[in-house]
Amino acid sequence: MSFYVTTPIYYVNAAPHLGHAYSTIAADVMARNMRQRGEDVFFLTGTDEHGEPVALAAEREGLTPQELVDKNAPRFVDLMPRLNVSNDFFIRTTDPEHKAKVQEVLGRIRENGHVYEGVYEGWYCPRCADFKTDAEAGEDHLCPIHKLPLTREKEDNYFFRLSAFQDDLLKLLDEQPDFVMPRHRYNEARSFIESGLQDVSLSRSTFTWGVPVPWDEGHVFYVWFDALLNYYSALSYARPGEDLTDRFWPAQFHLIGKDILKFHTVFWPAMLLAAGLPLPEHVFVHGFLLIGKDKMGKSAGNAIDPFNIMDEYGTDALRFYLMREVSFGHDGAVSEEGFRARYESELANDFGNLASRTIAMVHRYRDGVVPRAELDPELAAEIDGLAGEVCEQLDRADIAAAGEAIWMRVRRLNRYVEEQAPWTLAKDPARANELDTVLASLVEGLRVVGVVLHPWLPESTGKLLGALDSPQVELECARMQAGRLGAISKLEPLFPKP
Ligand SMILES: [Zn+2]
């Protein structure tokens, strides 16, 4: 089976912040888990580089738009290894192959009769690069997202006949109720469509920074149509000399923020229907990270700096906190205090200590060799169900629930240590077999948890599994198995106090 997951492409003029890290890490957890299952995975991220705001910013800086995006895109390209994410490709919408694909697909939409010429007049937010309906503009003509004054724009445009797809889109939502996830976002998409769809501008003619409309030189495609097509175009050129489209399209999951719901749940499926292309399986809409009550983003002056956290605590700690603190699909508060509390209680104490003391006991009582003993069947029954549970949760993109299932096992193993008290067993030579079973069970349980936890903490679980001399992370290894481990190495604390 193939699995294709995407993040939104990030606006190239923004400085990378915690919100970018959040959606990218989430996609990475899903991609890594699928690779652990042995699936054929493609994971895409990238930058959105066209549109009027980019052209205006370049002008202010005395650069060409291409120079500006070439200067800014590396901040996002470099973010990916910094977050230790495993994306298979990084798309830039200024890539010539992308532009050619946009022209091809939108040309097909025109040939299919869904494009016409007209004059557009309406309220426009340059920051959104989007026209607002009269209802959205309200009486004060402010952008409902940016609270900035909208401008009245009138220009020759090509239009996409979005209104013609209203019934098809409602049918899609009826037949594919998990096309938009979670449910409250499905309802939002549905009511937007039911409120009536207006045709939308497909092109702009007042500036030139975009993909040229091939049938009319005076126009460039409206940036959203160009940007959305990244998910499709990337597959055609991500591997030189190979077209991956048949192998990976349609995508299983587009992960997006709730501010771009309309584009992904209305425009995007309509475009694909108009082009005669298959639709993705799920658009999963995550919430915002909140600091107090403010949305995390460039405007939030007191934002948590992900780079400071990674410098001080390591990348795994940031990954873990973001995936564990906020239920994926809902808004959630994040804070430096919350980060430190979770780092200490869960990473350092629950998991780090479990790993350290388990390995230390094998060294103290059995000279660093895991005893070849029968495993505790009750413990094994609790641990062996973990991988299946986690996969089931991740199939619904419920990353927080999957994390909780893992943490129940981490806590269980810590309780097991307390219940069995290996230090007491070790004092009584008559109970050597019991001690063998306890140590072997503990270290196998630890190994299995390390395997399942790998997508969250790739670096630390790599160290742990390396120390156990069992580096395999395939999920078929995520079952407790007597005699699997032999000599093991000592392990430095995985999550030291900074
Ligand atoms: Zn706006």
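Throughout, read-outs are computed from the coordinates displayed, never taken from laboratory work. Every value quoted in this text rests on a predicted model; they were computed, and no experiment measured them. With ideal geometry, Cβ positions are generated from the backbone for all residues, glycine too; neighbour counts draw on all protein chains shown.
Structure values in brief
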{"read-out": "Whether segment 204-327 is rounded, prolate or oblate, judged on the alpha carbon gyration tensor where a/c under 1.5 counts as rounded", "value": "prolate"}
{"read-out": "Positive-pole candidate from Val417, Trp249, Val211, dipole of the chain, charges at beta carbon", "value": "Val417"}
{"read-out": "Segment 140-233: trypsin sites (Lys or Arg not before Pro) falling in loop per DSSP and having at most 15 other Cβ within 10 Å", "value": "Lys147"}
{"read-out": "Full-stretch length increase - Glu374, Asp78 - with 0.36 nm per residue and alpha-carbon distance subtracted", "value": "101.8 nm"}
{"read-out": "Relative contact order [Cα under 8 Å, 6+ residues apart], the chain, whole percent", "value": "15"}
{"read-out": "Nearest-20 debye value, segment 396-498 charge dipole, Cβ charges on Lys, Arg, Asp, Glu", "value": "160"}
{"read-out": "Distance from segment 238-256 to segment 455-477 (C-alpha centre basis), Å", "value": "28"}
{"read-out": "Calculated from backbone phi, Karplus (6.51, -1.76, 1.60) coupling profile of segment 437-451 in Hz, x at Gly/Pro", "value": "5, 5, 5, 5, 5, 4, 6, 5, x, 4, 4, 4, 4, x, 5"}
{"read-out": "The chain: angle of helix 18-36 to the longest principal axis, Cα-based, in degrees nearest 10", "value": "60"}
{"read-out": "Per-residue Cβ neighbour rank within 10 angstrom, fewest leading, Glu336, Glu418", "value": "Glu418, Glu336"}
{"read-out": "In nm, spacing of pseudo-spin labels at Leu290 and Arg108 (7 Å Cα→C-beta vector)", "value": "4.2"}
{"read-out": "Distance in nm between pseudo-label sites at Glu474 and Leu279 (7 Å out along the Cβ direction from Cα)", "value": "3.7"}
{"read-out": "Cys residues of the chain counted as unpaired, since no other Cys beta-carbon is under 4.7 Å", "value": "Cys391, Cys477"}
{"read-out": "Packing-based exposure ordering (other Cβ within 10 Å, fewest first) of Glu337, Glu312", "value": "Glu337, Glu312"}
{"read-out": "Charged-residue dipole, Cβ positions (Lys, Arg, Asp, Glu), the chain about Cα centre, Debye nearest 20", "value": "1200"}
{"read-out": "Computed magnitude of the charge dipole of segment 110-267 (debye, nearest 20; Cβ of K, R +1, Cβ of D, E -1)", "value": "520"}
{"read-out": "For Val180, residues with placed amide H under 5 Å, excluding near neighbours", "value": "Val283"}
{"read-out": "Unsatisfied cross-links (Cα-Cα over 23 Å) in the set Lys463/Lys497; Lys132/Lys154; Lys71/Lys132; Lys171/Lys262", "value": "Lys71/Lys132"}
{"read-out": "Expected 222 nm ellipticity per residue - DSSP helices of 4 or more, -39500 (n - 2.57), all of the chain, to 500", "value": "-14000 deg cm²/dmol"}
{"read-out": "Estimated FRET transfer efficiency (Asp259, Asn349; beta-carbon r; R0 30 Å; 0.05)", "value": "0.25"}
{"read-out": "Segment 163-229 - percent relative contact order, Cα under 8 Å, separation 6 or more", "value": "24"}
